[in-house]
Amino acid sequence: MSDGLTSVLLVALGGALGGMGRFAVSNLLARYLGKAFPWGTLAVNASGAFLAGWLLGSLGSANAPSPLWLFTVAGLLGGYTTVSSFSLQTIELWQGGQQLRASVNVGATLLFGLAMVTFGWLLSGASLSGANL
């Protein structure tokens, strides 16, 4: 099997598993916390950012992605995290007259995402000073 096909299959398998994980987490949190705010999408994106930061710190840069990087980051986390659900839920809140909740969703997603990717990076033992990302 060629390297290109292997890479595609690794990303596809990871993406399928990540998508199922996102579906499970989002539905679980919606069941327990309600649907007035997209808690599931926020939790998925924040935890995905944490894992991406940890993997970046552990595996290094993706300049020449390894099979593990392709499966976990491009595939698994690519399928697990979601910009499209975040965007749709934010616009639905806005159009539903809930501008404050929409704004909180945007701010929380950005702040939690940046904080979690940094926390994951630091937890991996990597240092932000002199980081070569």
Check your understanding: Of the residues that make up the stretch 50-60, is at least one on the phi > 0 side of the Ramachandran plot and of a type outside the set (S, T, N, Q)?
Key -> yes
Check your understanding: Which residue pairs have Cβ atoms under 7 Å apart, sit 6 or more places apart or on different chains, and have a first residue in the stretch 56-69 that is of a type in the set (Phe, Trp, Tyr) and a second that is outside any helix (DSSP H, G or I) and modelled with pLDDT under 90?
Key -> Trp69/Ala62
Check your understanding: From the list Leu9, Leu88, Leu56, which one is within 28 Å of Gly107 (Cβ to Cβ), over 14 Å from the mean Cα position of the chain (by Cα) and among the aliphatic types (A, V, I, L, M)?
Key -> Leu88
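The values are calculated or read from the model by the stated rules, or taken from the named source; none is laboratory data. Computed from a prediction, not measured in an experiment: that's the story for all the values here. When we count neighbours, we look across all protein chains shown, and the Cβ atoms used for this are built from the backbone with ideal geometry, even at glycine.
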